[in-house]
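Here is the structure we will look at.
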Amino acid sequence: MNSREQFLKTVNHKQPDRVVIDLGATPVTGIHVQTISKLRRHFGLQRKPIRVIEPFQMLGEVGWELIDSIGIDVIGAWGKNNMFGFHNHAPYKEWKTPWGQRVMVPLNFNVTKDENGDLLMYPEGDTSVAPSAKMPKASYFFDAIIRQEPIVEEELNVEDNLEEFGLISDEDLEHWRTEVDKAYFSGKAVIAAFGGTALGDIALVPGLNLKEPKGIRDVTEWYMSTIMRPDYVKSMFEREVEIAIENLKRIFAVVGNKVNAMFICGTDFGTQDSTFCAPEQFDEMWLPYYKKVNDWIHENTQWKTFKHSCGAVENFMDGFIRAGFDIINPVQISATGMDPAKLKQKYGRDLVFWGGGVDTQHVLPFGKPKEVREQVLRTCDIFSKDGGFVFNTVHNIQANVPVENIVAMLEAIKEFNGR
């Protein structure tokens with residue numbers, strides 16, 4: 001069986017011949033550019049500047065040589081523009097990072113330095129407007145700059161929070177046709193995050209790609225709005241659903257079932273040891289709208305739907321299932337209540353666990369290779385039973401992770417698959 005066939009068995013809760021691997025297919029299952037360079041050196045691959053595939057988090061393109069060396073099964077189809085709103089594909093230019101690495105970035109990847117030596121990034125790459133993100137000089141990725149204007153309640157307009165959520169253009173449709181075809185004919189499983197379909201995604205609220213963001217653009221203010229302005233939020237979700245379903249109709253007409261999974265949203269509902277809201281509030285505020293999108297996808301396509309939420313979200317798993325999600329990511333096993341055995345036993349018949357393979361806050365960056373091996377073998381043993389498990393780390397692999405720990409992770413997967 002090829003990678004796609006193994007993946008399809010996995011996501012349909014049938015036992016595959018081996019654990020399926022994703023490393024780099026999405027903005028929440030990726031690898032930092034610095035770490036990709038180290039992995040290429042480990043595998044004896046030619047040294048070259050790594051392409052930055054997602055500049056906000058400085059995630060790198062894994063590339064086919066490394067995909068083959070690792071044995072990755074899932075390929076991402078990436079949108080025409082990145083989170084900052086500028087073209088994310090060729091042509092590229094070379095750029096030297098603050099940590100001294102030479103990488104390839106899109107032409108409109110334009111940064112300046114502030115008085116502290118921090119790097120500033122701009123919406124659409126336009127340095128004549130206010131920056132929307134900052135990379136502190138000791139950091140390895142960007143942080144959003146909150147550009148929230150004072151909120152005047154009577155002037156709030158739902159359309160202001162829909163600026164990133166318009167109907168898809170013919171140009172974007174053609175891009176998706178080409179991008180999905182390229183991924184599909186590799187024989188790998190394909191996951192995509194289509195623009196104008198990421199329902200209720202808090203990650204978009206700061207408006208990184210908007211030169212003059214309007215509406216509610218402070219993440220803290222947004223979470224408060226679910227309590228203070230529920231009618232506003234529901235009205236926005238209703239419009240998002242209308243636009244999303246129209247876009248999905250247009251996209252499916254172009255790519256069909258060459259896509260195997262679709263990234264629906266990245267709204268986080270959990271913290272390290274608690275949640276941002278109660279399950280009852282999820283049922284009222286989010287579930288009906290998620291369900292409409294998931295129902296349309298399941299009624300009209302063969303795609304599986306992918307929900308990302310960090311944190312202690314065990315209390316939301318039942319809600320995710322009732323909302324129609326097939327996949328949960330990143331499965332933060334270090335958070336309160338997120339015990340792998342408990343999750344698999346209670347929810348494994350309904351949800352695919354995409355992630356949770358190894359803890360990226362403690363074990364992978366700071367543990368010994370032996371500890372990494374032991375955790376990977378344990379999580380694979382628990383999550384892979386009867387399918388329903390795509391191996392990925394708990395969120396992205398960051399910079400400065402010891403390469404010997406990543407190699408221990410990969411060797412442990414091979415060891416498990418060889419049993």
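Structure summary
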item	result
Three-way shape label, segment 90-207, alpha-carbon gyration tensor, a/c 1.5	oblate
Nonlocal amide H pairs with Gly324, under 5 Å, H built at 1.01 Å	none
Neighbour-count ranking [beta-carbon atoms within 10 angstrom, fewest first] of Tyr184, Tyr223	Tyr223, Tyr184
When each of Lys304/Lys344; Lys234/Lys292; Lys137/Lys211 is checked by Cα-Cα distance, pairs over 21 Å	Lys137/Lys211
For Ile53, residues with placed amide H under 5 Å, excluding near neighbours	Leu59, Gly60, Glu61
Residue-wise HN-Hα coupling along segment 225-239, computed from phi with Karplus coefficients 6.51, -1.76, 1.60 (Hz; x: Gly, Pro)	5, 5, 9, 7, 9, x, 5, 4, 5, 5, 4, 5, 4, 4, 5
Whole-Hz ³J(HN,Hα) from phi, Karplus 6.51 cos²θ - 1.76 cosθ + 1.60, for segment 403-419, glycine and proline x	4, 5, 6, 5, 5, 4, 4, 5, 5, 5, 4, 4, 4, 5, 5, x, 6
For segment 163-172, 3J(HN,Hα) per residue [Karplus equation, 6.51 cos²θ - 1.76 cosθ + 1.60, θ = phi - 60°, Hz, x = Gly/Pro]	4, 8, 10, x, 5, 5, 8, 4, 4, 5
Prolate/oblate/rounded call for segment 295-419, Cα gyration tensor, a/c under 1.5 rounded	prolate
Charge sum, other residues only, whose C-beta stays under 15 Å from Ser169's C-beta, Lys/Arg counted +1 and Asp/Glu -1	-4
Furthest towards positive pole of dipole, Gln398, Gly71, Gly195, structure part the chain, Cβ charges	Gly71
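No value in this document is a laboratory result; all are computed from the given coordinates. Computed from a predicted model, the values in this text were never measured in an experiment. Every residue, glycine among them, receives a Cβ derived from its backbone with ideal geometry; neighbour counts consider all protein chains shown.
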